[in-house]
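Since the structure comes first, as structure tokens, the remarks are kept for the end.
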Amino acid sequence: MDTISWKIIEILQQNARISFADLGKAVHLSAPAVAERVKKLEEAGVITGYRANIDLEKVGYPINAMVQVRVFIGKEAEFVKFTKTRQEVLKCYNVTGEKAYMLKVAVQSMSQLDAMLEDFSTLSETNSMIILSTPIDASIIKGKEKSLKI
């Protein structure tokens with residue numbers, strides 16, 4: 001990927017709703033040229049989707065937590081399947097270490113969090129941490145030219 005492709009990715013991460021005309025102006029390309037680059041980035045799987053960022057507290061989910069999970073022996077497939085059914089789970093990471101999974105969850109109340117953790121107790125041991133604030137949310141990746149051809 002060249003410098004222009006990286007700049008396109010950076011801009012789209014900040015504002016996925018930007019028009020191709022405005023995106024083209026930002027990277028000094030025509031709208032059709034930038035549209036073609038975005039299409040190639042999508043086809044190559046570099047850009048995997050577009051989404052709205054939601055303020056969880058404003059939509060009724062004021063309690064967010066990270067939950068470390070040590071799955072009981074022989075229960076991993078059941079744990080993964082069960083986790084996929086839980087609306088509270090925003091993200092599930094398979095990680096290294098004693099706790100094989102890390103969940104990011106959002107709930108409406110402490111009692112809902114307690115009930116969710118209880119539901120997981122037949123499959124795993126959990127350790128939860130309430131998220132107080134997010135001083136850094138570096139969800140935007142900035143890159144340098146790579147040899148990836150797109």
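The values are calculated or read from the model by the stated rules, or taken from the named source; none is laboratory data. For clarity, every value in this text was computed on a predicted model and none was experimentally measured. As a convention, Cβ positions derive from the backbone with ideal geometry for all residues, glycine included, and neighbour counts pool all protein chains shown.
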**OP:** Count, please, the residues in the stretch 2-29 that happen to be in contact (Cβ under 8 Å) with a residue 40 or more places away in the chain and either touching an Asp or Glu at 6+ places or on another chain (Cβ under 6 Å) or of a type in the set (Lys, Arg) (or both).
**Re:** 2
Subject >> Odd one out for Gly74, checked against (1) of a type in the set (Gly, Ala, Ser); (2) out of contact with any strand residue (DSSP E or B) (no Cβ under 6 Å at 6 or more places or on another chain); (3) surrounded by 10 or more Cβ atoms within 10 Å (Cβ to Cβ) >> reply: (3)
**OP:** Please work out if Ala65 is surrounded by 13 or more Cβ atoms within 10 Å (Cβ to Cβ), over 30 Å from Ser128 (Cβ atoms) and hydrophobic (A, V, I, L, M, F, W, C).
**Re:** no
Original post:
For the stretch 30-82, what are the residues that are without any contact (Cβ under 8 Å) to a residue 40 or more places away in the chain and small (Gly, Ala, Ser)?
Top reply: Ser30, Ala31, Ala33, Ala35, Gly45, Gly49, Ala52, Gly74, Ala77
Original post:
Quick one: which of Glu125, Glu98 is of a type in the set (D, E, K, R), modelled with pLDDT of 95 or more and farther than 26 Å from Ile47 by Cα?
Top reply: Glu125
**OP:** Identify all residues within the stretch 77-112 that are in contact with an Asp or Glu (Cβ under 8 Å, 6 or more places away or on another chain), buried (at least 18 other Cβ atoms within 10 Å of the Cβ) and not small (Gly, Ala, Ser); write none if there are none.
**Re:** Val105, Val107
Original post:
Which residue pairs have Cβ atoms under 9 Å apart, sit 6 or more places apart or on different chains, and have a first residue in the stretch 130-141 that is modelled with pLDDT under 80 and a second that is in a loop (DSSP other than H, G, I, E, B)?
Top reply: Ser139/Asn53
Original post:
Of the residues in the stretch 1-28, how many are farther than 18 Å from Lys142 by Cβ and touching a helix residue (DSSP H, G or I) at 6+ places or on another chain (Cβ under 7 Å)?
Top reply: 3
**OP:** Would you mind stating whether Asn127 is in a strand (DSSP E or B), surrounded by 10 or more Cβ atoms within 10 Å (Cβ to Cβ) and under 19 Å from the mean Cα position of the chain (by Cα)?
**Re:** no
